[in-house]
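Peer 1: There's a structure below that I have some questions on.
The values are calculated or read from the model by the stated rules, or taken from the named source; none is laboratory data. Just so you know, these numbers come straight off a predicted model, no measurement behind them. FYI the Cβ positions are ideal-geometry reconstructions off the backbone, even for glycines, and counts take in every protein chain you see. For accessibility, only protein heavy atoms count, side chains too; no ligands or nucleic acids. Shrake-Rupley method; radii C 1.70, N 1.55, O 1.52, S 1.80 Å.
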Amino acid sequence: MFIQFPLEKRRVMIERIQEYVYQENGERIGEIAAENHLQFILENIAPFIYNEGIKDAKTVIEDRIGNIEEDLYSLERPIK
């Protein structure tokens, strides 16, 4: 797994998984089961979300570079 979270953030994520499972299924799961769910999500689902974030960042950067190119072009002086 390439994503590492500080212990406190992992605890919050585990608690949220426990709350979600309880709300959806009416079933209480322990920390180990929630940790297993988190591990599965981080290894199998998070890469899809991460890659979409990278694509979004790439689009923003490309738009900004395009704006910079337009700004630079507008600064050019005509040559007679």
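Peer 1: In the list 27, 31, which residue meets the criterion of being touching a helix residue (DSSP H, G or I) at 6+ places or on another chain (Cβ under 7 Å) and within 18 Å of residue 9 (Cα to Cα)?
Peer 2: 31
Peer 1: Something else: List the helices (runs of 4 or more DSSP H) that sit entirely inside the chain and contain at least 2 residues that are touching a strand residue (DSSP E or B) at 6+ places or on another chain (Cβ under 9 Å) and open to solvent by less than 90 Å² (accessible area, probe 1.4 Å).
Peer 2: none
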